[in-house]
């Protein structure tokens, strides 16, 4: 992966071998115009179309927002917003591993470089308030363990992986395949949170194509929001990947072999949880002896979910204990909340005690316990 000034305007783009530009990212976020925080909230809630957003998707000059790039500036911003602490996830880093396939070796090296930059620029636990999240790949389990240990040695409290099948030289594999047990065993032993985060996903390309073809539509690539050709398939596929990923972790006995593993689903929404748990319960009844304990209980014990800002939190709480629900604003992204504390509107029907759990205590316990 290289930076190339394709347009000759001094704003480089991401370029992969073979002359491929990145499918959805224009280039580094510190040189390209950025969206206004919260600009796409109504779009993702199904209350508006992309055209109404207009210039707000590229109206912010990164140079005017040091809080997006500098830890001390971010802390000042968090103080103004009333935010005690935050998990800070890779914005573009979560969109790199998929498009780099099948060059596994290159993806390992580029993610290692990203994590070293992240640690140098931000640290992994800046003033015990900003907890940045390194991004790991399972493609080589020995190096995954090495990288996890490297992160642990430098104070990381949370790490992220793709919420999809693991790319390996032998093909894709379930992340809960026993071949990856050394990674999960170390994560459980250390008590670190593994937080799959949505990004640009190439792990389900064949599934996307199959769904499109079966319904008599061209196998379009799902690039960007608002593409009319891709919109119907995007709707059919939405939430399918995280649903399947979460199911496979339970079905392939990850939590039975490593009961100390803690998984937090970030920027994947929460509308898929009810359907997943219903399916696991049915499977448990139909296949006696398949699980050592109820798979729904396993999910409740080992998994946390951060709903999208447009989701119904009370609906999620019908399927998931309040102790497993995490506040997430995705600020300052366009699809997030315009102001992080806007999320309080989503939980006003909860008791004060439960609001504290969702907004503060659950994440604090995961991070600092």
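At a glance:
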item: Cα gyration tensor shape of the range 233-290, rounded if a/c is under 1.5, else prolate or oblate by comparing a/b with b/c; result: oblate
item: Rough spin-label spacing in nm, given labels placed 7 Å along Cα→Cβ, for residue 275 and residue 116; result: 4.2
item: Ellipticity estimate at 222 nm from DSSP helix runs (n ≥ 4, -39,500 (n - 2.57)) divided over the chain, nearest 500; result: -10000 deg cm²/dmol
item: Spin-label zone in the range 251-273 - amide nitrogen under 19 Å from a point set 7 Å from the Cα of residue 292 along the C-beta vector; result: 251-263
item: Candidate values [x] 60, 26, 18; [y] 38, 20, 19; [z] 29, 25, 24, label of the one derived for semi-axes √(5λ) of the Cα gyration tensor in Å; result: [z]
item: Extended-chain gain in nm, criterion 0.36 nm per residue less alpha-carbon gap, residue 153 and residue 356; result: 70.0 nm
item: Förster-model FRET efficiency, 25 Å R0, residue 129 and residue 31, C-beta, rounded to 0.05; result: 0.35
item: Efficiency of FRET between residue 81 and residue 11 - r from beta-carbon atoms, R0 30 angstrom, step 0.05; result: 0.55
item: DSSP beta bridges in the chain [antiparallel fraction, %, rounded to 5]; result: 45
item: Mean separation of Cα contacts under 8 Å, 6 or more apart, over the residue count of the chain: relative contact order %; result: 16
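No lab work stands behind these numbers, since they all come straight from the coordinates. Remember, predicted model here, so these are calculated numbers, not experimental data. Don't worry about glycine lacking a Cβ; one is built from the backbone with ideal geometry, like all the others, and counts go over all protein chains shown.
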